[in-house]
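Presented below is the structure to which this report refers.
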Amino acid sequence: MKKKISFLLSVSALLIAGCATNQKATAQTTPSLKETFKNDFLIGTAMNTQQIEEKDPAADALIKQQFNAVTPENIMKAEIIQPGWDTYNFDLADKLVAYAQKNNIKVNAHTLIWHSQLPSFMRHMQSADSVKQYFEKHITTVASRYDGKVYSWDVVNEALNEDGTLRNSVFLRNLGDNYIVEAFRLAQKAAPNTLLYYNDYNIEQPKKRAGAIAIIKKIQAAGVRIDGVGIQGHWHMDNPPLQDIEQSIKEFSALGIKVAFTELDLSALPNPRGRANSADISNTAQYNEQANPYTKSFPDSAQQKLAKSYADIFNLFLKYKNNISRVTFWGVDDGQTWLNDFPVRGRTNHPLLFDRQYQPKPAFYSVIETKTKGSSAKAF
Ligand code: G3I
């Protein structure tokens, strides 16, 4: 009996060792996104708290192998980094900066002024004067601390409605419609060595794009620095809006700024009926089983559809590589994506290039092939 158990243990050990060697071999032979696109644009990923704390070794290996830019998914947002008037929480942001420095990765800091995820002390402010004081103090303190340590800032995030008008936020109501220019003016002063971006979703669509162009022109007319615009890129695998993306790259580039794709993911699940593409986190829907078809596996037909959409998008990015500074995925792997809980909680989504086992999907290889197999498209 003893002999039998020891034999079984040896076989299991061999199998485990074999698996580990295989995984290592896969990792060593997997191409690298950052290497593949090194002459084109930065390739980034969002990092969640677990990853920043280095508690996710498989994701950690992929981050180091695949990406040369990172964006903190949540930990530099106002409610986390400045939870009280005089209370700051810099630990995780400092850790991220140190991690990035050590691994030769650029940090896009996200985000200084956003209507969402504000600390409760700020949300309850009664007077315009208090909001103004908070606004100046937050931008100045946070941006100056990381100047020269982060590469770029999303200075203002999601200031627009879908029709291109300004969102009715606590900032617009209390500071008036010049607040975006003022945010960039303060950021420019506090962070002279950091690139400054306006970041939003759906600004590839004509009406919202016109709103973003108006914002950028207003900042420029005031003599204030803006270096780029971030198109978030929360799209869908069935309908990546290619013509709109192309037109946006042309129109934004014509303003003399860089274009970044800052939060790219292609949802593989049905959109709740009647809903337009949206990243507005208050815009949620009820769960139903038909809206969650890929809980056990992601079938080949869907893998191919996702792969084709990613290839179309990357062919376009390569065509405009001189205008594009960075392409960042909103997460490393499908297990981590916010789209598992948005717009419906508790679904199993598959929007990224690496699956829940951290393995490259067909979409990963289709992206790599846009470069290695070449594309004949030329810009303009
Ligand atoms: O940290 C708390 C945790 O303490 C608590 O136990 C848990 C319970 O739900 O919630 C945790 O906070 C969550 C946070 O993510 C961290 O995981 C929030 O509920 C959740 O709403 C939050 O979602 C984030 C969302 O922004 C809202 O701010 C997503 O992770 C993040 O991917 C998403 O990112 C935004 C970009 O910043 C801007 N563009 C759109 C994009 C997608 O919404």
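The values are calculated or read from the model by the stated rules, or taken from the named source; none is laboratory data. Predicted model, so just to flag it, every value in this text is computed and none were measured. Quick reminder, even Gly has a Cβ in these numbers, built from the backbone with ideal geometry, and neighbours come from all protein chains shown. The protein model used for the area step is the full one, side chains on, heavy atoms only, and it has no ligands, DNA or RNA in it. Shrake-Rupley method; radii C 1.70, N 1.55, O 1.52, S 1.80 Å.
Observations, loosely collected:
- For K296, a cut-off of 30 angstrom between C-alpha atoms picks up these lysines, skipping any fewer than 8 places away in its own chain: K24, K55, K64, K305, K308, K361.
- Carbon and sulfur %, accessible surface of the range 94-210 computed with the full protein complex present, 1.4 Å: 47
- Alpha carbon centroid spacing (whole Å) that separates the range 61-134 from the range 217-239: 19
- J(HN,Hα) series, the range 106-121, from Karplus relation 6.51 cos²θ - 1.76 cosθ + 1.60, nearest Hz, glycine and proline x: 8, 9, 9, 7, 9, 8, 7, 10, 9, 6, 9, 6, 8, x, 5, 4
- Portion, in percent, of the accessible area of the range 312-380 that falls on carbon or sulfur, probe 1.4 Å: 48
- Database remark: amide H of V107 closer than 5 angstrom to the amide H of V70, Y151, S152 (H placed geometrically; neighbours at sequence offset of 5 or more, or on other chains; Pro and chain starts carry no H).
- Taking amide H as placed 1.01 Å from N in the peptide plane, S267 has its amide H under 5 Å from the amide H of W235, H236, M237, each at least 5 places away in sequence or on another chain.
- Two-site FRET efficiency, D147 against E35, from Cβ-Cβ distance with R₀ of 25 Å, rounded to 0.05: 0.30
- Listed values for the range 340-348 are Karplus-derived 3J(HN,Hα) couplings in whole Hz (6.51 cos²θ - 1.76 cosθ + 1.60, θ = phi - 60°), namely 5, 10, 9, x, 10, 6, x, 9, 10, and x replaces Gly and Pro.
- For the residue pairs K217/K250; K95/K137; K38/K373; K77/K102; K102/K149, the C-alpha atoms sit more than 18 angstrom apart in K95/K137; K77/K102.
- Ranked by the mean number of other Cβ atoms within 10 Å per residue, highest first, peptides 65-73, 109-117 order as 65-73, 109-117.
- Averaged per residue, the chain has 45 square angstrom of accessible surface, using a 1.4 angstrom probe with ligands and nucleic acids left out.
- Amide H to amide H distances under 5 Å link L160 with R167, where only residues 5 or more positions off or on other chains count and H is placed in the peptide plane.
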